[in-house]
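Notes for the one structure printed next.
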Amino acid sequence: LSLAGFPASWGEPQMRVFLGPVGDYDSIRVVKDQNDIPVCLVQMRKGHVPALIAARLKTSSLLAEGLKVVLNSNTTPEVPRSLVGYKFQAEERAALFNLRSQTDLNGSPCTILSYDKEASRWLVRLDLEDPADNEILVSESNLLPLWPKTSSSDNGHSGHSPANEPLEQKDDVMEEAHGETPEQMDGEGERAEDGSDHEQEEARAKASRGKVKASHAVVVTGFPLWDSERITEYFARFGELRTILGADKAKHGKRKLLVAYCRKMNARRSQSRVNGAEVDGFTLQAFFPEDAPKKKGQRRRAPGEGAADE
């Protein structure tokens, strides 16, 4: 992929932050073209379809400010097995790829409208300003889901979404990270005293649900009003999720989330990729619970300072 028209002050570090949420890459280089204009050259990692990444980038609000995304015409798309035979639904977002006749549309985002049985094609609406020329019929083999739905096994859960778990949530998501008991911080639940291994495993899962290790969690602010399933899909790319809090709440048109992973390294990876990223025109902030700004009037307790001293 090649990108141009991004802010002139951006270098490779800023481009890494910008590109992090849309897919993995092997290398990024910012160079100057013959007109001394900065151009970012992106080599995607094997297993990523460049047209899909280009379509995701074209949903950025930077497009209205001059961002241009160019797909290498020599690229041979390799579709991951997980996307083969994907079942599309009306109103779902998709990306065009591997078109033979209208190659300029490869890497374009679109919205699925309906299936035309007679033509054996999907009717899609392109993200174009002209409403008179933005609907076309496309073969299913030329469509990829813009943000694929992940199966339950991908997240290590059986049949439920972490963002949909029946958790008792407080008004401020941050309190979930600071208000645990020591047992909750260790992520240990009650054990079944008798019964099969399967029953004990279910008991442990039920007891530990919603209990978060602060070191394994990331606070994300400024997130768009996606539904819980889509939020789960977004964060599950960085590792196995334990739970997500705040997916059903909103303030000023944005969500504040507490995203907890099963492993600390996945939380670190998520924070580094999400912080500063742009999603649907929103710039995200991601930080660890211990780095959260204190509420007005609060102060950190000094070492050795007890409750009686306050």
Q. If you scan region 235-257, which residues turn out to be of a type in the set (Val, Ile, Thr) and either within 14 Å of the chain's Cα centre (by Cα) or open to solvent by 10 Å² or more (accessible area, probe 1.4 Å) (or both)?
A. ILE244
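Just the residues that are within 25 Å of GLY281 (Cα to Cα) and open to solvent by 50 Å² or more (accessible area, probe 1.4 Å), please, taken from region 28-37. If you could, list the steps in order and put the result at the bottom.
First, the residues of region 28-37 that are within 25 Å of GLY281 (Cα to Cα): 28-30, 37.
Residues satisfying the conditions are ARG29, ILE37.
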Q | Tabulated pairs, region 221-234, first open to solvent by less than 10 Å² (accessible area, probe 1.4 Å), second part of a helix (DSSP H, G or I) and not aliphatic (A, V, I, L, M), C-beta under 6 angstrom, 6+ apart or interchain | A | THR232/PRO162
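Residue-wise test of (1) in a loop (DSSP other than H, G, I, E, B); (2) modelled with pLDDT of 85 or more; (3) open to solvent by 30 Å² or more (accessible area, probe 1.4 Å); (4) of a type in the set (Lys, Arg).
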{"residue": "HIS198", "(1), (2), (3), (4)": "no, no, yes, no"}
{"residue": "ALA207", "(1), (2), (3), (4)": "no, no, no, no"}
{"residue": "SER215", "(1), (2), (3), (4)": "no, yes, yes, no"}
{"residue": "VAL259", "(1), (2), (3), (4)": "no, yes, no, no"}
{"residue": "ALA267", "(1), (2), (3), (4)": "no, yes, no, no"}
Q) Across region 20-43, what is the total count of residues that are touching a residue at least 24 places away in the same chain (Cβ under 8 Å) and either under 19 Å from ALA64 (Cα atoms) or not in a strand (DSSP E or B) (or both)? A) 10
**Q.** Selection status of VAL42, over 18 Å from SER108 (Cβ atoms) and among the β-branched types (Val, Ile, Thr)
**A.** no
Q. Counting only residues that are within 13 Å of LEU19 (Cβ to Cβ) and either of a type in the set (Val, Ile, Thr) or free of Cβ contacts under 8 Å to residues at least 24 places away in the same chain (or both), which one in region 44-71 is least open to solvent (accessible area, probe 1.4 Å)?
A. ILE53
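The values are calculated or read from the model by the stated rules, or taken from the named source; none is laboratory data. These numbers come from a predicted model, not from an experiment. Heads up, the Cβs are rebuilt from the backbone with ideal geometry, glycines too, and the neighbour counts pull from every protein chain shown. Heads up: the accessible areas ignore ligands, DNA and RNA and are worked out on the full protein's heavy atoms, side chains in. Shrake-Rupley method; radii C 1.70, N 1.55, O 1.52, S 1.80 Å.
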